[in-house]
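Here is the structure we will look at.
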Amino acid sequence: MKKRLLAMLMAGAMALTMTACGGADTAKTDDAAGTKTDAAASGDAAAGTASGKNYRIALCMSHQTNAFTTAVSAGAKAKGEELGVTVDVFDGKQDQATQTSQIEQAINSGYDGILVEPVSVDGIVPAVKEANDAKIPVITVVQKMSGQEQYAKAYCGGDDSKAGELQMTKVCEELGGKGNIAVLYGPMGSDGQLIRKQGYDKVLKANPNVKMVFDETANWVTADALTLVENWLQTGTELNAIVAQNDGMAMGALKAVEDAGLQDKIKVYGIDAVDDAVAAIAAGRLSGTISQDAPGQGALGVDTMVKLLNGETVQPTSYTECIWINKDNVAQYQKK
């Protein structure tokens, strides 16, 4: 106990000399009542210093291996600089033990608040309980956790059920309500995988002539998706569309389809609107994706944590905006 107290005091002293890095960002959110708010237009530009403290916030990400997760982290750090707080990013490397250790490290180092994108919805619970016991607030970002309302102060991120439902609705519409599809999931049991699938299931139930002939996890990873789709194509099974739960996997699927010369027969869809996917849509290669504003999700998490630390009331759920992107509107989302 003495060692832990000493560590917290030392960390607090160090915090006075630390500065944040990044740039400004904005995000549209839905509060718990479903009304749109602007996460960046939160009142004081220096909300984090309103109490005279340079808050230290730990952002524990599940991984940092694709454009989406790195954009979330960049958005969080940018918002931290704008608000005058320090945001340190921890890479969980898709390993629950690693993320648990990082949350415990943040507790013992005396961070004021912890933002977590869970590696596992269940596996994160014991570490978050430790943070609760230490009176350090936890907010989940990007993905929720088991016992969300009991253990976390809020959730900030995309509405995965809505994203999954919107994506599969567009797929079924473009197939004319009939055809064979394959689905690439994120890590099985992760919140994103489970909730997006709920959206899929709802739409497929209403479209019985759209058949799911393959479904397997590619763990958000491009290379894994490439290998899986190559194997599916080698079976000779007719496929009309491949639906990926993120753009990284969609790009792997697209490469497999193009390598097989089947790009005119099989449509590929993703979620996240990362730069490569948007460029592929503009080039007429990828059929569509969904933007949930990755940088905005990170910014929203930091903004909400600072409000909480300042004693303000925060909404238990805040969503970024969900937007369908295809050839018709892709020009609006291309980087200049």
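The values are calculated or read from the model by the stated rules, or taken from the named source; none is laboratory data. Remember, it's a predicted structure, so these values are computed and weren't measured experimentally. Every residue, glycine among them, receives a Cβ derived from its backbone with ideal geometry; neighbour counts consider all protein chains shown. Surface accessibility is based on the protein's heavy atoms, side chains included, excluding ligands, DNA and RNA. Shrake-Rupley method; radii C 1.70, N 1.55, O 1.52, S 1.80 Å.
Numbers below:
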{"item": "Flag for A206 being touching a Cys at 6+ places or on another chain (Cβ under 9 Å), without any contact (Cβ under 8 Å) to a residue 40 or more places away in the chain, at negative phi and of a type in the set (A, V, I, L, M, F, W, C)", "result": "yes"}
{"item": "Whichever residue in region 92-117 is acidic (D, E) and touching a strand residue (DSSP E or B) at 6+ places or on another chain (Cβ under 6 Å) and, among such residues, is least open to solvent (accessible area, probe 1.4 Å)", "result": "E117"}
{"item": "Criterion (in a loop (DSSP other than H, G, I, E, B), open to solvent by less than 40 Å² (accessible area, probe 1.4 Å), aliphatic (A, V, I, L, M) and touching a helix residue (DSSP H, G or I) at 6+ places or on another chain (Cβ under 9 Å)) met by exactly one of M168, M145, M188", "result": "M145"}
{"item": "Criterion violated by V229 - all others in (1) closer than 20 Å to T69 by Cα; (2) outside any loop (DSSP other than H, G, I, E, B); (3) touching a helix residue (DSSP H, G or I) at 6+ places or on another chain (Cβ under 7 Å); (4) of a type in the set (A, V, I, L, M, F, W, C) satisfied", "result": "(1)"}
{"item": "Check on D247, among the acidic types (D, E) and closer than 22 Å to E165 by Cα", "result": "yes"}
{"item": "Single unsatisfied condition, S120 versus (1) assigned to a loop (DSSP other than H, G, I, E, B); (2) open to solvent by less than 20 Å² (accessible area, probe 1.4 Å)", "result": "(2)"}
{"item": "Within region 123-142, tally of residues that are hydroxyl-bearing (S, T, Y) and open to solvent by 10 Å² or more (accessible area, probe 1.4 Å)", "result": "0"}
{"item": "Residue that is nearest to the chain's Cα centre (by Cα), among those in region 302-336 that are of a type in the set (S, T, N, Q) and assigned to a helix (DSSP H, G or I)", "result": "T304"}
{"item": "Residue in region 240-253 that is touching a Gly at 6+ places or on another chain (Cβ under 9 Å), without any contact (Cβ under 8 Å) to a residue 60 or more places away in the chain, of a type in the set (A, V, I, L, M, F, W, C) and over 22 Å from S73 (Cα atoms) present", "result": "no"}
{"item": "Given (1) out of contact with any Pro (no Cβ under 7 Å at 6 or more places or on another chain); (2) over 30 Å from N310 (Cα atoms); (3) buried (at least 20 other Cβ atoms within 10 Å of the Cβ), index of the condition Q198 fails", "result": "(3)"}
{"item": "Search result, residues across region 260-281 that are assigned to a helix (DSSP H, G or I) and either open to solvent by 50 Å² or more (accessible area, probe 1.4 Å) or touching a strand residue (DSSP E or B) at 6+ places or on another chain (Cβ under 8 Å) (or both)", "result": "D275, D276, A277, V278, A279, I281"}
{"item": "Filter result for M251 (among the aliphatic types (A, V, I, L, M), more than 19 Å from I195 (Cα to Cα) and out of contact with any strand residue (DSSP E or B) (no Cβ under 7 Å at 6 or more places or on another chain))", "result": "yes"}
{"item": "Residues located in region 171-185, provided they are touching a strand residue (DSSP E or B) at 6+ places or on another chain (Cβ under 7 Å), assigned to a helix (DSSP H, G or I) and either at pLDDT below 95 or not hydrophobic (A, V, I, L, M, F, W, C) (or both)", "result": "E174"}
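Yes or no, residue by residue, for (1) open to solvent by 10 Å² or more (accessible area, probe 1.4 Å); (2) of a type outside the set (G, A, S); (3) in contact (Cβ under 8 Å) with a residue 40 or more places away in the chain:
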| site | (1), (2), (3) |
| --- | --- |
| V221 | yes, yes, yes |
| E230 | yes, yes, no |
| V257 | no, yes, no |
| S291 | yes, no, yes |
| G296 | no, no, yes |
